[in-house]
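First the structure, in the form of structure tokens, and then the observations on it.
Please treat every number below as a calculation from the coordinates, not as lab data. Note that the structure is a prediction, hence the values are computed from the model and not measured. Reconstructed Cβ throughout: ideal geometry from the backbone, glycine too, with neighbour counts over all protein chains shown.
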Amino acid sequence: MKIPLLALIFQGIPEQIAVAALAFSIANITQNWKRIILIGAILAFTSYILRLLPITFGIHTVFIMGLLFVLLILIGKGNINSSLIASLISFLTLIIVETACLTLLMPLFGITSEILFSNTTIRILITLPQVLVIFVLSFIIFRIRARKKHIKL
């Protein structure tokens, strides 16, 4: 399924940056926003390109999950075990949060699937809460881990 360019810029890239930030927090990798933004942009553009290809829907998610794992190791300097776990948990979180947000918000605002896929502005706006939730989860995990490190010193 092709992604409109505006949706890539205003929904896809922020969503993947949030997923990368969450993965950094879960993997206990030092928060480096240049690296997080780079990884998020790579994930979003790769997903955009994969969705242009005639492959079964959902395969792009598995590929992007694997790519996040590799990027956490190469760019984020994470270890293999925590990067694998962080990649899996981050995408599972994205799926759960996206499902919950869309399930709640679509009926609340009277938005159908047809409207969601045909109106780029609505598509971008209705997915912003899930991006915010993932960023908040990332921040909470990061703060908890930072507090534990500070206490152990």
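Can you tell me which residues in region 42-78 are in contact (Cβ under 8 Å) with a residue 24 or more places away in the chain, of a type in the set (S, T, N, Q) and surrounded by 15 or more Cβ atoms within 10 Å (Cβ to Cβ)? Spell out how you get there, then give the answer.
If we filter region 42-78 for residues that are in contact (Cβ under 8 Å) with a residue 24 or more places away in the chain, which is where we start, we get 42-45, 47-48, 51-52, 57, 61, 64-65, 67-68, 71-72, 75-78.
Filter again for of a type in the set (S, T, N, Q), leaving 47, 61.
Across region 42-78, the qualifying residue is only Ser47.
Going by the conditions given, is Ile134 in a helix (DSSP H, G or I), aliphatic (A, V, I, L, M), touching a residue at least 60 places away in the same chain (Cβ under 8 Å) and under 17 Å from Gly12 (Cα atoms)? Considered against the rule, which asks whether it is in a helix (DSSP H, G or I), aliphatic (A, V, I, L, M), touching a residue at least 60 places away in the same chain (Cβ under 8 Å) and under 17 Å from Gly12 (Cα atoms), Ile134 comes out as yes. Residues of region 25-41 that are closer than 16 Å to Leu132 by Cα and crowded, with 18+ Cβ neighbours inside 10 Å: Ser25, Ile36, Gly40. Total residues in region 100-123 satisfying the condition of being polar (S, T, N, Q), in contact with a helix residue (DSSP H, G or I) (Cβ under 9 Å, 6 or more places away or on another chain) and in a helix (DSSP H, G or I): the figure is 3.
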